[in-house]
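Laboratory data are not the source of any read-out in this text; all were calculated from the coordinates shown. The model shown is predicted, which means the values in this text are computed figures rather than measured ones. Glycine gets a Cβ as well: all are built from the backbone with ideal geometry, and neighbour counts include every protein chain shown.
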Amino acid sequence: MTRAKTQQRILLVDDEPAFRELASRWLANQGYHVKTAVSLDDARQALVSFEADLVLLDLSMPPLFDPQVTLAAMADFDGRPVIIITGHADRDLALQAVAQGAWDFIAKPIDPDMLAVVVRRALIKTTLERELQQLKQSSQQPSGAAAYLGLSASAQKVRALIERIAPTDVRVLVTGPSGTGKEVISRALHDLSHRSDKPFVSVHCGAIPADLLESELFGYVKGAFTGAEKDKAGLLSLADGGTLFLDEIGEMPLAMQVKLLRVLQEGTFFPVGGREQKHIDIRVVSATNADLAEKVRGAEFREDLYYRIKGVNIETRPLSERQEDVPVLLQAFLSRLQQQQGKSWQLSPEAMHWFRSQTWPGNVRELRNALESVASICPEGQITLEDIQLLYPATAGAVAGNPASAIECAVADVPLSEASLDEQVRALEIRLIGQALLQCSGNRTRAARQLGISRQGLIKKIERYGL
C-alpha cells in the first residue's frame with residue numbers, strides 16, 4: 001500500500017512518561033508526525049493503524065525489562081528502521097542490537113543534535129528503500145497505466161490521466177514528439193476500459209497511401225474496383241466494440257477527414273462500392289506529433305474534426321525534459337532483452353551516466369534502440385563505457401575525457417539488478433553524497449550539513465566509497 005507524501009512518521013516506544021512527553025514534543029517541532037507507545041504490546045497495536053517510517057525503541061521495556069525480549073520484538077516491526085534507546089550506555093547490548101538488525105543506538109541522556117542526525121539518516125534509508133521498490137515495480141513488465149514508465153512529474157501526470165479517463169468512452173488526443181510513448185498510452189487506455197476484451201486496432205494514417213486509406217479503413221465490396229474479387233472488411237469493422245487508434249492523424253488527407261467525421265458523428269459508414277450502411281461502436285484514440293491547431297489555421301486539418309477527436313488531450317514530454325525516467329526505462333528494456341535472449345546485463349555507472357547525458361532527439365524509441373545496439377556487441381555481463389565507445393565514439397569519448405565525470409558517474413542512478421537491497425542502498429547513498437559534493441562545490445562541511453550527517457561521518461564515507 002502506498003500513501004500520499006506527508007510528514008515522515010515516527011513511533012516512540014518508551015515507558016518513562018516524562019521522556020515520552022519531552023522527546024515527542026521535540027520531534028514534532030522538527031516536523032515529524034509522532035505517535036507514542038508505553039509497551040511492546042502497545043507498539044504492536046499502534047503499528048496496525050499508524051504507518052510509521054521509523055521506530056525509536058527503549059531497550060528496557062515492561063513488564064520484564066529484559067533487553068533480549070525487546071530485541072526479539074524488532075522482528076514485529078515489518079523491517080522498519082529501529083533506533084535503540086538505552087539509559088545505561090551499555091555498549092555491548094547496543095552493539096548486539098545493531099547486529100540483530102537495529103539501524104543505530106543512542107544513549108540517555110540524549111543529545112538533541114545527535115538524535116536529529118541519527119533520525120534523519122534512518123529516514124533517508126527508508127526513503128531510498130521506497131524509491132528502490134518503486135523502481136523494481138516499474139521494471140516488472142507493467143501493464144495498464146503503469147506501462148507508461150517513469151518517476152518524473154510528467155510521467156506521473158500521464159498515468160493519473162490514463163487511470164481517470166480509461167473507464168469512460170471519451171475521445172482522446174495524445175500529442176507529443178515522436179518516440180515518447182503515444183501508442184503505449186493508447187493501449188493502456190484500451191486495457192483499462194470496459195472494451196479491453198474487444199480488439200485494439202492501430203492505423204498509421206501516414207503510412208498508408210492516400211488512395212488506399214479509404215478502402216483500408218472502410219473495407220470494400222466485391223467489384224468495387226479492379227482487383228476487388230471479394231468483400232473485405234475494413235479496419236473500422238475489425239475494431240467494432242473495441243478501440244481504434246489513429247496514429248499520426250495529422251497526416252490524414254482532407255478528403256478522408258470528411259468521411260471520418262461522419263463516422264465519429266453518426267457511428268455509420270459505407271464500404272467502398274457498397275450501398276449497405278454499416279453501424280459500429282468504437283472508441284477513437286488519436287495521436288500526432290504535429291501541432292493540429294496550427295494545421296487548422298493553415299487549412300491543412302478540418303476544424304470540426306479537430307474538436308471531435310480532442311475530447312481529452314494527453315501530452316507527452318520529450319525525454320530530454322524527464323531525464324530521471326532514463327534509469328527506469330533502461331532497466332525495463334534490459335529486463336525484456338534478458339527474457340528474450342536468456343542473457344544477463346548490467347550497466348556500469350559510467351555507462352548509465354552516458355545514457356543520462358544524451359539529449360535523445362528520438363526519445364524513448366531512440367533510447368531503446370541504442371541500448372539494444374550496445375547490448376548486441378556485449379556478449380553478457382556488465383555494459384561499460386568502452387562498449388558504448390565502439391558504436392558512439394564521439395559522445396562516449398567526451399564523457400570518458402571529462403575530469404568531472406568521476407563524481408558524476410558515481411552519482412548516476414544505478415540500474416536495478418539481482419544485487420541485494422543493502423548493495424543498492426549503498427549505491428544510492430553514493431549518489432546522494434556525490435550530488436551534495438557537486439552542489440556544494442566540494443565543500444565537505446556544507447555537504448555534510450545538507451545531508452544531515454557530521455563532517456567526520458561524511459569524510460569516512462568519502463574515503464570508503466572512493467569519492
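Before moving on, here are some points about what is shown:
- In plain terms, the residue of 114, 61 with the fewest other Cβ atoms within 10 Å comes first and the most crowded comes last, giving 114, 61.
- With neighbour counts taken as other beta-carbon atoms within 10 Å, the residues 275, 446, 25 rank, fewest first, as 275, 25, 446.
- For segment 9-137: rounded, prolate or oblate by the Cα gyration tensor [a/c cutoff 1.5]: rounded
- In summary, the convex hull built on the alpha carbon positions of segment 52-114 has an orientation-averaged projected area of 4.3 nm².
- Local electrostatic count at residue 20 - Lys and Arg +1, Asp and Glu -1, tallied over other residues with Cβ under 13 Å: -3
- Note on residue 76 and residue 293: their simple-model spin labels are 6.0 nm apart, each label 7 Å out from Cα toward Cβ.
- For the chain, the relative contact order works out to 12 percent when only alpha carbon pairs closer than 8 Å and six or more residues apart are counted.
- Listed cross-link partners 343/460; 222/295; 259/310; 157/461; 278/310; 125/182 are compared with a 26 Å cut-off, the Cα-Cα value being larger for 343/460; 222/295; 157/461; 125/182.
- Taken along the Cα-to-beta-carbon direction at a fixed 7 Å, the label points for residue 113 and residue 382 span 4.0 nm.
- Here the residues 295, 222, ranked from fewest to most Cβ neighbours within 10 Å of their Cβ, fall in the order 222, 295.
- Between segment 55-125 and segment 204-246, the Cα center-to-center distance that results, in Å: 70
- Rg and Dmax [Cα atoms of segment 153-316; Å; Rg one decimal, Dmax integer]: 15.9, 54
- Structure-based [θ]222 nm, the chain - -39500 (n - 2.57) summed over DSSP H runs of at least 4, per residue, nearest 500: -14500 deg cm²/dmol
- Taken along the Cα-to-beta-carbon direction at a fixed 7 Å, the label points for residue 39 and residue 69 span 0.9 nm.
- Based on the Stokes-Einstein relation at 25 °C and a viscosity of 0.890 mPa s, and on the Kirkwood radius from alpha carbon pairs, the chain is assigned a translational diffusion coefficient of 92 µm²/s.
- On full extension, the segment bounded by residue 280 and residue 336 gains 16.5 nm, given 0.36 nm per residue less the C-alpha separation.
- Gain in span if fully extended, residue 222 to residue 16, counting 0.36 nm per residue against the direct Cα distance: 65.1 nm
- Among beta bridges that DSSP assigns inside segment 153-316, antiparallel share in %, nearest 5: 20
- Residues residue 432 and residue 254, FRET efficiency given R0 of 41 Å [Cβ-Cβ distance, rounded to 0.05]: 0.15
- Among the GluC sites (Glu not before Pro) in segment 252-337, those placed in a DSSP loop whose Cβ has at most 13 other Cβ atoms within 10 Å are 276.
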